[in-house]
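One structure is given below, encoded as structure tokens.
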Amino acid sequence: MIVDLNLIGKRVLVVGGGNESSRKVEALLSQQCEIFVVAEKAEQSIKHHADDGKITLELRKIENVDFLKKYKQLDLILATTDDQVLNREIILVGKKTYGCYVYAADDPQLSDFSHPSIINIKDTIQVGISTGGRSPLMGKSLRKHLEPIVKKSISDLILRQIDLQELVRGEAKKKIPSVEHRKKFLTELMVDASVNQCLEEKKISTARELACERLDAFIKRNSNTW
């Protein structure tokens with residue numbers, strides 16, 4: 001089962017600074033979480049993100065798990081060093097001391113979840129490919145094969161629809177008390193020809209205005225049913 005964790009505002013620690021760590025950091029950057037990286041050496045991409053203030057990087061020798069004591073709270077720990085024994089110690093401390101989700105790149109059985117290979121489309125759509133930890137290598141191979149196909153099938157219209165749905169969904173929550181009715185409205189909006197025409201033509205402001213008009217009209221038609 002693939003689960004999309006809500007990491008907004010959470011504190012995430014990545015231990016290790018190699019290729020695996022770099023991929024994990026890239027995936028985390030779009031999650032609006034606070035990212036800490038501890039490593040003896042770090043890939044250049046990780047250093048760049050630290051220089052840009054996107055993550056906190058500490059370069060230090062890691063001989064044991066004592067470095068974890070400086071963190072009062074952690075919500076997720078990803079152990080990606082090339083030392084399997086150290087990775088295991090890190091996630092065991094994570095479970096016992098912090099009670100947080102843990103993941104070791106080389107120990108899927110002890111991890112709380114497997115980390116799927118991700119196809120990221122403009123930080124708006126993420127498609128996960130997972131073998132449930134049975135063969136991460138095959139997951140990566142499948143991702144490379146499927147990524148161009150998936151990206152080709154996702155149009156700019158779909159991405160703009162998602163942005164609009166996110167905006168209008170917030171307004172709908174305030175004005176429509178019923179989940180069922182909100183879903184009905186958003187479904188109608190998704191296939192609204194006039195709104196989609198504006199999105200196709202990149203008239204985003206007009207599309208938003210139309211969407212708000214559609215919301216008001218929907219409420220007038222259905223308010224007596226909730």
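Between a residue in segment 93-104 that is under 11 Å from V65 (Cβ atoms) and any residue that is of a type outside the set (S, T, N, Q), which pairs come within a Cβ distance under 6 Å, given they are 6 or more apart or on different chains?
Note: pairs meeting the criteria are V93/V65; V93/L68; G94/I77; G94/C100; G94/V102.
What tally of residues in segment 38-77 results from selecting those that are part of a strand (DSSP E or B) and either touching a Pro at 6+ places or on another chain (Cβ under 8 Å) or more than 18 Å from E26 (Cα to Cα) (or both)?
First, the residues of segment 38-77 that are part of a strand (DSSP E or B): 38-39, 56-59, 76-77.
Applying the additional criterion that residues be either touching a Pro at 6+ places or on another chain (Cβ under 8 Å) or more than 18 Å from E26 (Cα to Cα) (or both) yields 59.
Of the residues in that region, 1 qualify.
Tally time: how many residues in segment 1-27 are among the basic types (K, R) and either out of contact with any strand residue (DSSP E or B) (no Cβ under 7 Å at 6 or more places or on another chain) or in a loop (DSSP other than H, G, I, E, B) (or both)?
The total comes to 2.
Output the residues belonging to segment 213-226 that are exposed (fewer than 13 other Cβ atoms within 10 Å of the Cβ) and assigned to a helix (DSSP H, G or I).
Correct list: E213, D216, A217, K220, R221, S223, N224, T225.
When only residues in segment 130-157 that are on the phi < 0 side of the Ramachandran plot and of a type in the set (G, A, S) count, which is nearest to the chain's Cα centre (by Cα)? Walk me through it before giving the result.
First, pick out the residues of segment 130-157 that are on the phi < 0 side of the Ramachandran plot: 130-131, 134-157.
Right, trim to of a type in the set (G, A, S) and you get 130, 135, 139, 141, 153, 155.
Details: S130: 15, S135: 22, G139: 18, S141: 21, S153: 21, S155: 20 Å.
So the residue we want is S130.
So if I check each of I162, I204, I176, which one is under 28 Å from the mean Cα position of the chain (by Cα) and either more than 25 Å from Q126 (Cα to Cα) or touching a residue at least 60 places away in the same chain (Cβ under 8 Å) (or both)?
Answer to the selection: I176.
A quick yes/no check of all residues on (1) surrounded by 10 or more Cβ atoms within 10 Å (Cβ to Cβ); (2) assigned by TED's automatic domain parsing to the domain that holds S111; (3) touching a His at 6+ places or on another chain (Cβ under 9 Å); (4) closer than 21 Å to K10 by Cα:
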site: K41; (1), (2), (3), (4): yes, yes, no, no
site: H49; (1), (2), (3), (4): yes, yes, no, yes
site: T56; (1), (2), (3), (4): yes, yes, no, yes
site: K61; (1), (2), (3), (4): no, yes, no, no
site: K69; (1), (2), (3), (4): no, yes, no, yes
site: K72; (1), (2), (3), (4): no, yes, no, yes
site: L76; (1), (2), (3), (4): yes, yes, no, yes
site: A79; (1), (2), (3), (4): yes, yes, no, yes
site: V85; (1), (2), (3), (4): no, yes, no, no
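Inspect segment 2-25 for any residue being at pLDDT below 95, outside the structural domain of D83 (by TED's automatic domain parsing) and within 15 Å of L78 (Cα to Cα) and give the result as yes or no.
yes
Would you confirm whether or not segment 77-94 contains a residue that is modelled with pLDDT of 95 or more, among the hydroxyl-bearing types (S, T, Y) and touching a strand residue (DSSP E or B) at 6+ places or on another chain (Cβ under 9 Å)?
yes
If a residue has to be among the aliphatic types (A, V, I, L, M) and touching a residue at least 24 places away in the same chain (Cβ under 8 Å) to count, how many in segment 116-137 make the cut? Write out each step before concluding.
The initial filter retains those residues of segment 116-137 that are among the aliphatic types (A, V, I, L, M), namely 118-119, 121, 125, 127, 129, 137.
Then keep just the ones that are touching a residue at least 24 places away in the same chain (Cβ under 8 Å); that gives 118-119, 121, 125.
Of the residues in segment 116-137, 4 are among the aliphatic types (A, V, I, L, M) and touching a residue at least 24 places away in the same chain (Cβ under 8 Å).
Please state which one of R23, R60 is under 26 Å from G128 (Cα atoms), free of Cβ contacts under 8 Å to residues at least 40 places away in the same chain and basic (K, R). Steps first, please.
Details: R60 fails: under 26 Å from G128 (Cα atoms).
So the residue among R23, R60 that is under 26 Å from G128 (Cα atoms), free of Cβ contacts under 8 Å to residues at least 40 places away in the same chain and basic (K, R) is R23.
Please work out which residue is surrounded by the most Cβ atoms within 10 Å (Cβ to Cβ), limiting yourself to segment 176-187 and to residues that are in contact with a helix residue (DSSP H, G or I) (Cβ under 7 Å, 6 or more places away or on another chain) and not in a loop (DSSP other than H, G, I, E, B).
F185
Among the residues of segment 159-175, are any touching a strand residue (DSSP E or B) at 6+ places or on another chain (Cβ under 9 Å), at pLDDT 95 or above and in a helix (DSSP H, G or I)?
Yes, segment 159-175 has at least one match.
Here is a list of conditions, (1) surrounded by 15 or more Cβ atoms within 10 Å (Cβ to Cβ); (2) in contact (Cβ under 8 Å) with a residue 40 or more places away in the chain; (3) not in a loop (DSSP other than H, G, I, E, B), and S30 meets all of them except one; can you say which number that is?
The single condition S30 does not satisfy is (1).
The values are calculated or read from the model by the stated rules, or taken from the named source; none is laboratory data. Since we're looking at a predicted model, the values are computed, not measured. As a convention, Cβ positions derive from the backbone with ideal geometry for all residues, glycine included, and neighbour counts pool all protein chains shown.
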